[in-house]
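A short worksheet on the structure shown next.
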Amino acid sequence: MTTSTINLGLVCRDPATENFFSSTAKREFPICLCSDCGAVGGPQQTLCLSCGSTGLKWEAASGRAVVRSYIVLHQRAALQETPELVVVAIGELAEGPWWWAQVADVDPYTMAEGKRLVIDFVASGEEMVPIFRPDA
Ligand SMILES: [Zn+2]
């Protein structure tokens with residue numbers, strides 16, 4: 001079986017990603033809930049996309065997702081005969097928001113829309129970066 005490779009660059013937090021990486025350091029994937037209308041949003045939101053409220057509270061997502069789309073990158077380093085296959089998927093979280101991330105431990109040739117995924121975390125520098133894995 002061919003297995004996907006995770007290939008992350010160095011990730012560093014900045015003021016815009018401080019809250020995100022504080023959550024992922026606890027192995028939690030943050031989603032926001034609107035205090036005014038109850039809409040659920042992704043971690044990058046600064047206001048509610050349904051009502052415009054800035055009254056957001058943050059919770060940990062369940063980590064479950066379903067593939068909505070994906071690509072397979074064929075990366076070949078210099079002098080490397082066999083390319084590494086990096087799978088990047090857009091997953092729809094069980095709570096509703098969509099998120100894209102690399103997928104570990106998956107046969108790229110068995111990826112398909114609708115495949116069930118779970119969020120996991122891998123270290124990049126001092127930060128924990130969310131990735132997907134197939135849901136067993
Ligand atoms: Zn709202």
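The values are calculated or read from the model by the stated rules, or taken from the named source; none is laboratory data. Everything numeric in this text was worked out from a predicted model, so none of it was measured. With ideal geometry, Cβ positions are generated from the backbone for all residues, glycine too; neighbour counts draw on all protein chains shown. Surface areas here come from the heavy atoms of the whole protein model, side chains and all, with no ligands, DNA or RNA. Shrake-Rupley method; radii C 1.70, N 1.55, O 1.52, S 1.80 Å.
What the table shows:
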{"quantity": "Point-charge dipole on Cβ atoms (K/R +1, D/E -1) for the stretch 18-134, about Cα centre, debye to 20", "calculated": "220"}
{"quantity": "Low-density loop positions, GluC sites (Glu not before Pro), the stretch 46-123 - DSSP coil, at most 12 other Cβ in 10 Å", "calculated": "Glu81, Glu113"}
{"quantity": "Among 64-75, 9-20, the order from most to least packed when residues are scored by Cβ within 10 Å on average", "calculated": "64-75, 9-20"}
{"quantity": "Expected 222 nm ellipticity per residue - DSSP helices of 4 or more, -39500 (n - 2.57), all of the chain, to 500", "calculated": "-1500 deg cm²/dmol"}
{"quantity": "³J(HN,Hα), Karplus 6.51/-1.76/1.60, whole Hz, each residue of the stretch 113-121, x for Gly, Pro", "calculated": "4, x, 4, 7, 10, 10, 7, 10, 9"}
{"quantity": "Whole-Hz ³J(HN,Hα) from phi, Karplus 6.51 cos²θ - 1.76 cosθ + 1.60, for the stretch 35-52, glycine and proline x", "calculated": "6, 8, 10, x, 5, 9, x, x, x, 8, 6, 10, 8, 6, 6, 8, 10, x"}
{"quantity": "Solvent-accessible area, 1.4 Å probe, carbon plus sulfur percent, for the stretch 18-134", "calculated": "51"}
{"quantity": "Tail fraction, Cα-Cα pairs, the chain, threshold 19 Å, whole percent", "calculated": "54"}
{"quantity": "Residues with amide H under 5 Å from that of Gly42, placed H, sequence gap 5 or more", "calculated": "Cys32"}
{"quantity": "Accessible area (Å², per residue) of the chain, counting only protein heavy atoms and a probe of 1.4 Å", "calculated": "58"}
{"quantity": "Mean projected area in nm² (Cα convex hull; one quarter of hull surface) for the stretch 46-99", "calculated": "5.8"}
